[in-house]
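Heads up: the structure comes next, in structure tokens.
The values are calculated or read from the model by the stated rules, or taken from the named source; none is laboratory data. Computed from a prediction, not measured in an experiment: that's the story for all the values here. No Cβ is skipped: glycine too gets one built from the backbone with ideal geometry, and neighbour counts run over all protein chains shown.
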Amino acid sequence: MKVESTWTVYRSRFVVRARQLTECLVFTDALGREHSGQPGDYLVESLEGLRCIRPQAQFENIYVPLQESPNPTSRAGLNQVRMSKVLTPQTLPTRLPAPVWTG
């Protein structure tokens, strides 16, 4: 995997950092579990620093990228997201349009 690829911050119920694999990757985590992934799968890192690999289809069905993530390549960026509670995937409009009634 190319080391220079950047992390993107995603959310579901949890905020994580992830990067999509560009080549096969196999590693053993701190708990002794072996993880393996193919190009297209995602290497996912939790706020606690634990890493795992999720299949592309599973990851893309669960996680939504945060659009305005402060410095997603650092752990500080993750902590800022957590502290600021920026958990919406998009910015909401300041004013909603008036409802249109028909009938």
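Of all the numbered requirements in (1) modelled with pLDDT of 85 or more; (2) among the β-branched types (Val, Ile, Thr); (3) surrounded by fewer than 11 Cβ atoms within 10 Å (Cβ to Cβ), Val16 misses one, and that requirement is (3). Restricting to region 9-43, name every residue that is within 19 Å of the chain's Cα centre (by Cα), assigned to a strand (DSSP E or B) and polar (S, T, N, Q). Across region 9-43, the qualifying residues are Gln20, Ser36. Under the condition of being polar (S, T, N, Q) and either under 12 Å from Arg11 (Cα atoms) or touching a Pro at 6+ places or on another chain (Cβ under 7 Å) (or both), the residues counted in region 36-68 number 3. When region 44-57 is filtered for residues that are assigned to a strand (DSSP E or B) and in contact with a Lys or Arg (Cβ under 7 Å, 6 or more places away or on another chain), the ones remaining, listed by number, are Val44, Glu45.
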